[in-house]
Structures are given as C-alpha cells and as structure tokens.
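Here is the structure we will look at, set down as structure tokens.
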Amino acid sequence: MVRRFLPSLLPLLLAASTAAAQTTTPVAITFDGNWNETPSVEVIPAGGQVVVNYDISRLPQCRGTTSSGSPTWTINGYVQVNRGPVVSFWVAGLSPDNQNQRTLHLPAGVSGALVMWFDISGPGCQQAWDSNYGSNYHFAIGGPALSFNSNWDEVVTGTLRAGQQFIINYDVNRLPECRATYNGPAWVISALYRFDNGPIQETVVTGSGYSVATPIVAPAGARHLEMWFRNTDRSSCVRYDNNYGANYHFYLQ
C-alpha cells in the first residue's frame with residue numbers, strides 16, 4: 001500500500017516553492033544506519049526548513065521489485081509539531097510523484113517539539129516501523145521543549161537553561177479519567193511546578209478537550225525544575241500524574 005500525502009495539511013509542514021522558503025538555509029536531520037539521529041543544529045529555527053537524510057538500511061523489509069526493476073515498496077516519514085496534525089512525506093522507494101527529496105517547512109512563530117517517525121510498506125509485506133520503540137524522534141524548534149508522552153516517556157528536546165523559555169507538551173491520554181462535559185468538554189489539565197524548591201506555580205496545558213503547547217520561563221539562576229500534573233472536571237473528579245508521588249525532575253544549565 002502506498003500512502004498518499006494529506007493535501008489539507010501540506011501547507012503546514014511541506015515546503016512550498018516560495019521565495020521566502022528558498023532564502024532560508026535548511027537544517028539537516030540525519031538518520032544513519034548506525035541508529036544515530038543527528039540534527040545539524042541543536043535548535044531548529046521556528047519557521048525554518050528541515051531536510052531529512054534517511055538511511056534506508058534502517059528499514060530493510062519489503063524489498064520487492066516489479067518486472068522492470070522498480071521498487072514496489074515505499075518508506076514514508078511522519079512529522080508532527082507539538083501535538084498538532086500528523087503529516088506524511090515520501091522518503092524512498094515507489095513515489096507517487098517521483099520526487100527524490102522532501103523538505104519540511106515549519107510553521108512560523110511556533111516553538112516546541114518536532115516529532116518524527118517512519119514506516120515501510122509494500123504489497124504482500126507486513127508494515128514495519130522505525131519509531132524509537134514507539135517513543136518517536138524529538139527535535140527542538142525555536143527553543144527547548146518537555147514532552148510528556150502517552151507511553152509514559154518524558155522527553156527533553158534541546159537544553160533547558162535558566163532565564164529562558166521552554167515549551168510543555170502534555171499528552172492528555174496520560175490522564176484520561178476526568179472527562180465531564182457541559183456544552184462541550186468541562187475538564188482541564190494543569191501543570192504544577194516549582195524551581196529550586198520555591199513556591200508552587202501552575203499553568204493550564206489544555207484547551208477545550210485537547211493539548212496546548214504551553215510556554216514557561218525559567219528564572220535566572222534556576223538549576224532544578226520539579227513538575228507534576230492535575231486533571232479536574234466540573235463533577236469534582238481529581239486525578240494526578242506525579243510519578244507515583246515522586247514528581248518529575250529536570251536540571252537546567
């Protein structure tokens with residue numbers, strides 16, 4: 001099966017042939033055959049371009065060919081900014097438009113996490129994935145980010161630094177219980193946090209039933225961040241995601 005691109009989402013991430021896009025030097029992310037994932041810069045500029053260099057030996061399955069020697073298999077990449085829509089792009093093999101390279105164009109003014117993963121598929125072949133065992137691959141856009149994923153991974157992209165902003169990306173599936181409604185979702189998830197054992201602060205990390213990338217600024221001189229999450233709704237349901245009471249701890253430079 002060959003996956004087609006998602007036309008309604010292409011303007012979000014796939015590079016358009018505009019003069020503005022062409023004047024930006026792309027950032028390269030290399031996925032090599034030794035299972036290293038290396039961006040050419042630590043932090044990808046917001047609104048920038050990304051060229052994906054993918055070694056196809058990472059997905060060696062499904063290597064069928066036609067009678068003329070053309071591949072019957074396709075490797076696709078999938079990309080998501082923070083917890084926005086997922087967009088697919090061609091990487092290798094049979095291509096619907098015969099392109100030999102795909103450049104991603106990131107949304108302007110959006111910071112956080114660029115998340116990527118890959119699959120291979122073909123006729124009579126079981127689909128295989130390159131997804132870091134389900135955690136996917138995370139890269140920083142515009143600044144560092146903390147991603148709390150549904151598989152209970154907590155991923156830091158970039159470097160958390162005192163005096164600088166970072167983004168919280170929280171997957172609402174980690175706290176699925178408090179889901180009362182009243183003319184729509186009547187629940188919220190908040191991040192509670194403190195720096196260096198100081199006063200507890202909180203900020204909402206959801207919109208109306210969905211995750212929202214939420215900025216936090218670390219104070220100058222801060223060295224330690226402690227964080228946990230609380231889900232509440234209008235029925236008085238309360239649930240916590242707090243690492244079994246130990247909370248989540250991160251160190252800043």
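Read-outs throughout are calculated quantities, based only on the coordinates presented, and are distinct from any laboratory measurement. Since the model is a prediction, treat every value here as computed from it, not as a measurement. Quick reminder, even Gly has a Cβ in these numbers, built from the backbone with ideal geometry, and neighbours come from all protein chains shown.
Restricting the calculation to Cα atoms, every distinct pair contributes to the Kirkwood radius of segment 121-180, found to be 14.0 Å. When only Cα pairs below 8 angstrom with a gap of at least 6 residues are kept, the chain shows a relative contact order of 15 percent. Basic side chains Lys and Arg get +1 at the Cβ, acidic Asp and Glu get -1 at the Cβ, and with that the dipole of the chain about its Cα centre reaches some 360 debye.
How far is it, in nm, from the label point at V217 to the one at N151 when both lie 7 Å from their Cα along the line to the Cβ? Once both label points are built, they end up 3.6 nm from each other. Among beta bridges from DSSP that stay inside the chain, the antiparallel ones total about 85%. Take segment 162-208, drop everything but the C-alpha atoms, weight them equally and run the Debye formula without solvent; then report log10 I(q)/I(0) at 0.13 Å⁻¹ to two decimals. Log10 I(q)/I(0), no solvent term: -0.41. Of all beta bridges that DSSP places with both ends in segment 145-251, some 90 percent have antiparallel geometry. If you wrap the chain in the convex hull of its Cα atoms and look at it from every side, the mean projected area works out to 16.4 nm². Every pair of different Cα atoms in segment 204-243 enters the Kirkwood calculation, which places the hydrodynamic radius at 12.6 Å.
The H on the amide N of R234, modeled in the peptide plane, is under 5 Å from the matching H of A180, each at least 5 residues off or on a different chain. Extents of segment 145-251, largest first, come to 44, 23, 23 Å (Cα atoms, principal axes, whole angstrom).
Only helices enter the 222 nm calculation for the chain: every DSSP H run of n ≥ 4 contributes -39,500 (n - 2.57), and dividing by all residues gives -500 deg cm²/dmol, rounded to 500. In this structure, the amide hydrogen of G48, modeled 1.01 Å from its nitrogen in the peptide plane, lies closer than 5 angstrom to those of L106, counting only residues at least 5 positions away or on a different chain. For the pair S236 and W35 in one chain, pulling the backbone fully straight at 0.36 nm per residue adds 67.7 nm over the alpha carbon distance.
The distance linking segment 157-180 with segment 36-71 is 28 Å (Cα centroid to Cα centroid, whole angstrom). Subtracting the Cα-Cα distance of N183 and Y251 from their residue separation scaled by 0.36 nm leaves 20.4 nm.
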